[in-house]
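Rule-based calculations on the coordinates, nothing more; no lab input. As the structure is a prediction and not an experimental result, all values here were calculated from the model. Here the Cβ positions follow ideal geometry from the backbone for every residue, glycine too, while neighbour counts run over all protein chains shown.
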Amino acid sequence: MIRGPIPQAPAQPPKAQVEITIDGTAARIPEGSTILDACKSLGVETPTLCFLQSLTPVNACRVCVVELEGSRVLVPACARRVEPGMVIHTDSERVRHSRKMVLEFLASSVDLSTAPDAQRFCERYGADPARYAESDGSAATVEQPVKIDNQLYVRDYSKCILCYKCVEACGVDAQNTFAIAVAGRGFEAHISTEYDVPLPDSACVYCGNCIGVCPTGALMFSSEHELRARGQWNEAEQTATETICSYCGVGCTLTLHVQDNSIVKVTSPIENDVTSGHLCVKGRFGFSYVQNRPDDV
Amino acid sequence: MFGAGGGTSSYEEAEHTDLIVLWGSNARETHPIYFHHVLRGIHNGAKLYVVDPRRTSSAQWADGWLSLDVGSDVALANALGREILHAGLEDRDFIARATSGFEEYRATVEPYTLEHAEKTSGVPAALIRELAHAFARAERAQLCWTLGITEHHNAVDNVRALINLALLCGHVGRYGSGVCPLRGQNNVQGGGDMGAIPNKFPGGQDVEDPASIAKFERAWNATLPRKAGWNLTDIFHAVERGELDTLYIIGENPAQSEADQEHAMELLRSLKHLIVQDIFLTKTGELAEVVFPASATWCESDGTVTSSERRVQRCRKALDPPGDARDDIAIMVALARRLGHDWPEYTAQEAWDECRSLSPWHAGMSYERLDELGGIQWPCYDEEHPGEKFLHARLWEDPVPGERAAFACVEHEPPVEALDDAYPIRLTTGRRLDSFNTGVQSGGYTSPLRRGETLDISPEDAQRYGVREGERVRVSSRRGSIVIPARIDPGLRPGLVFTTFHFNDDIATNLLTIDVTDPKSGTAEFKACAVRIETAAV
């Protein structure tokens, strides 16, 4: 093969810089960035639950809100784009209070036991969900039985914070299968298949991309669910190894989570150019053939 | 193509193109994550055309579905070329500067009128014209194919016919424009790139080129054959002729994957020595005299694989292999030593570094850089080189350095097995989303999507032959016969049935398929054989 010039993708036109102020620090941020991007570039840690870089912001969780001078209401950092002259406060009393209440509402109604990020934010903002308990000691919750209707993954909506990430990953942002959506309103709002049918009767193709984006463990590999139920899930003992899927020729990067020489979960790095963190049913679940435990056969 | 056996584009280009053609590819199910890039392209405004006899789940996303008769690809491609020329939409500057053989091509496609193509392929003339104009007018276009193009007796002609279209419109060598064979297995590309094909050394270097021979002989301190070897099909023919009595098979299950399975089994049984190295005792392994249990390369060993965008990526050991299973390299070294050769122990990285020292395409791909960059696309000539997103940018230099890209003159040839009164139905084979090839891998997990093997049949044929959903029918070809449950699929046309070979232990589809192969690639015509269906006495 003749060695030619190194091919280049067309250069993007340079972006104009927008001048804003965050927590008293003046900054120049590329046009089109969000306030969240700006915070990241300045090292300002902002909690997010419904935001993921590979998904379109839905502004559902409100935990990333910041105070914007001149704005009557707090604005979501994940979706609001920077504009010249914005003066933003990310750690004002009003912001901390709002974040704390959002987290308290979630923690009082949802089981966050497998949601490490949410737990960390609760601690950081001093959330006290117990104060929402009614006189009989219990707040309204979304507690319900775990949905187990197939052998690959379970849906435990007691742990669902309605962040919409699974809906987005199943929809136009990744898989474009549209097997799930939010049904119902208010406190009754929940994630549902069409007509609430079990997964095997739905449009689901078991890519597991909903599991990949779920921030609370509401959607979970059956293998992880079973190990947790037996008290044998041990993240500290697990290794995570990146390799390439053994099936088709696309070359998706798999992260194999291994405990006791068994694959217990498969993910893909969100920053990977090929997958953006998404896989198909074979890549995510088709690993059993290499498991050498007799009870796996 | 044009001196490099690999797709010319990167996946990301599907997101930044104006037109995508999937030809003989159901990427939605067979390359799902590539299809994610296609979907992003569609959401960004690209048009999608799907050329496939079946209305697949990929075709359901298409702006245009060209439902051609199995095996009429060249007729359709040549008609697209003729229509582009007659409409004056070809890229004359590109053709004049960067290609050769254009006048011969023009003469070859001249008889392929829209009417001729409609008659031969069954695709309405208006739709052929629509795709011709859309492809030629698109600023950027991706032309992708899979086994629907290559599992034919005239596979190479099919590929050349598609490449002609890209040359005609200058849809190659630019960001967003290119031709992409999507590889069916995780290291088909890498296997070929590493020289596991009979006519190439690693890095696409010709095994009959004296300079290459001299280079590899020096490196390996051995005398190498002067002539290209045999591909899998040639090997089976040599067994048949009695010229070959020993086979060492690594990671392949030809007892189930070859067309005309009964015949393939006979040939394997006739061998004097059969050695099989695999992660399971496959059907082929059961026939072997010696079996070497191997570790699974993607999770029990270290190494590299190469994807359909020429990206070399690291595989890493995450599990200890079971029992006595050993790494492929270790087995081969141990065998070489037992045969009296003083081979050193190799790690995967040492083997790779040796490859880099001999293959200019891979020279700059140290393990360190592969780790750091998340894989590198060949060619990568040195450790400063970033790898190449797309190939053949040189075709847009003026003057073009090196050889011009050649048009090929190819003619339509129908499938070898014509339909007749005894076998009036066309059987074509393929894959389903949750399964893979002979099922050695995908059989290991419980997919809720899996319905077991079925013969998919159009509603019209179901009515015509009195077949009910789920009913077991007998399907026979000139070579064999199987019993299989029927599934009525409105995505199929009358006269066409579909199945897979994912469940070979239960339903041996390859008893039916025909063992005629492309003389250049050696690929069998899995996509087209003639069958009949019977419902009675099953």
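The figures follow:
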quantity: Selected from B:T523, B:S435, B:S447, residue furthest toward positive end of dipole (region B:425-534; charges at beta carbon); calculated: B:T523
quantity: Cα-based shape type of region B:11-181, given that a ≥ b ≥ c are square roots of the gyration tensor eigenvalues and the cut on a/c is 1.5; calculated: oblate
quantity: Distance-filtered residues of region B:302-339 - backbone nitrogen under 16 Å, label point 7 angstrom along B:E350 Cα→Cβ; calculated: B:302-303, B:327-338
quantity: Region B:136-241: GluC sites (Glu not before Pro) in DSSP coil with no more than 12 other Cβ atoms inside 10 Å; calculated: B:E139, B:E208
quantity: Length released on extending from A:A240 to A:A11, taking residue separation times 0.36 nm less the Cα-Cα span; calculated: 78.9 nm
quantity: Residues whose placed amide H lies under 5 Å from that of B:V516, excluding near-sequence neighbours; calculated: B:E525
quantity: Euclidean distance of C-alpha centroids, region B:175-233 and region A:1-75, integer Å; calculated: 46
quantity: At most 13 other Cβ within 10 Å, DSSP loop - GluC sites (Glu not before Pro), region A:19-75; calculated: A:E31, A:E45, A:E69
quantity: Euclidean distance between Cα centres, region A:196-255 to region B:72-113, Å; calculated: 49
quantity: Note, ³J(HN,Hα) from phi for region B:70-75, Karplus 6.51, -1.76, 1.60, rounded to Hz, x at Gly and Pro; calculated: 3, x, 9, 4, 5, 4
quantity: ³J(HN,Hα), Karplus 6.51/-1.76/1.60, whole Hz, each residue of region A:77-89, x for Gly, Pro; calculated: 5, 5, 10, 6, 7, 5, 10, x, x, 4, 10, 10, 10
quantity: Rel. contact order, % - alpha carbon contacts under 8 angstrom, at least six apart, chain B; calculated: 17
quantity: Net charge contributed by nearby residues that have their C-beta within less than 10 Å of B:I329 (K/R +1, D/E -1); calculated: -4
quantity: Sites matching GluC sites (Glu not before Pro) across region B:350-396 that sit in DSSP coil, with at most 15 neighbouring C-beta atoms within 10 Å; calculated: B:E383, B:E384
quantity: Estimated translational D of chain B in µm²/s (Stokes, Kirkwood radius over Cα pairs; 10 °C; 1.306 mPa s); calculated: 64
quantity: Potential extension, B:D320-B:K520 segment - 0.36 nm per residue separation minus Cα distance; calculated: 68.0 nm
quantity: Most mobile of A:P14, A:P76, A:P269 in a GNM of chain A (Cα contacts under 10 Å); calculated: A:P14
quantity: B:D206 paired with B:E460, simple spin-label distance in nm, labels 7 Å along Cα-to-beta-carbon; calculated: 4.9
quantity: Entries in B:K200/B:K520; A:K265/B:K317; B:K200/B:K317; B:K283/B:K317 that, when Cα-Cα distance is taken, lie over 19 Å; calculated: B:K200/B:K317; B:K283/B:K317
quantity: Partner chain coverage, peptide A:205-212 - average Cβ within 10 angstrom; calculated: 3
quantity: With at most 11 other Cβ atoms within 10 Å, longest stretch of chain A clear of loop trypsin sites (Lys or Arg not before Pro) (DSSP); calculated: A:73-184
quantity: Interchain or long-range residues, amide H under 5 Å from B:R326's placed H; calculated: B:A294, B:S295
quantity: DSSP beta bridge pairing in region B:232-293, given as percent antiparallel to the nearest 5; calculated: 0
quantity: Distance violations [Cα-Cα > 25 Å] among B:K227/B:K389; B:K272/B:K527; A:K165/A:K282; calculated: B:K227/B:K389; B:K272/B:K527
quantity: Overall form of chain A per C-alpha gyration tensor (a/c, 1.5; a/b vs b/c); calculated: oblate
quantity: Of all DSSP beta bridges in chain B, antiparallel share, percent nearest 5; calculated: 40
quantity: Cut-off under 5 Å, modelled amide H: who pairs with A:L219 long-range; calculated: A:D156
quantity: Cα-centred dipole magnitude for chain B, charges only on beta-carbon of K, R (+1) and D, E (-1), debye, nearest 20; calculated: 740
quantity: Share antiparallel - DSSP beta bridges, the protein assembly as shown, percent rounded to 5; calculated: 60
quantity: Under Karplus coefficients 6.51, -1.76 and 1.60, residue-wise ³J(HN,Hα) of region B:233-240 in Hz, glycine/proline x; calculated: 5, 4, 4, 5, 5, 5, 4, 4
quantity: Rounded if a/c under 1.5, otherwise prolate or oblate - region B:425-534, Cα gyration tensor axes; calculated: oblate
quantity: Additional length obtainable on full extension of the chain from A:E123 to A:F187, 0.36 nm per residue less Cα span; calculated: 20.6 nm
quantity: Per-pair calculated FRET efficiency, R0 = 60 Å: A:F105 and B:D506 via Cβ, rounded to 0.05; calculated: 0.65
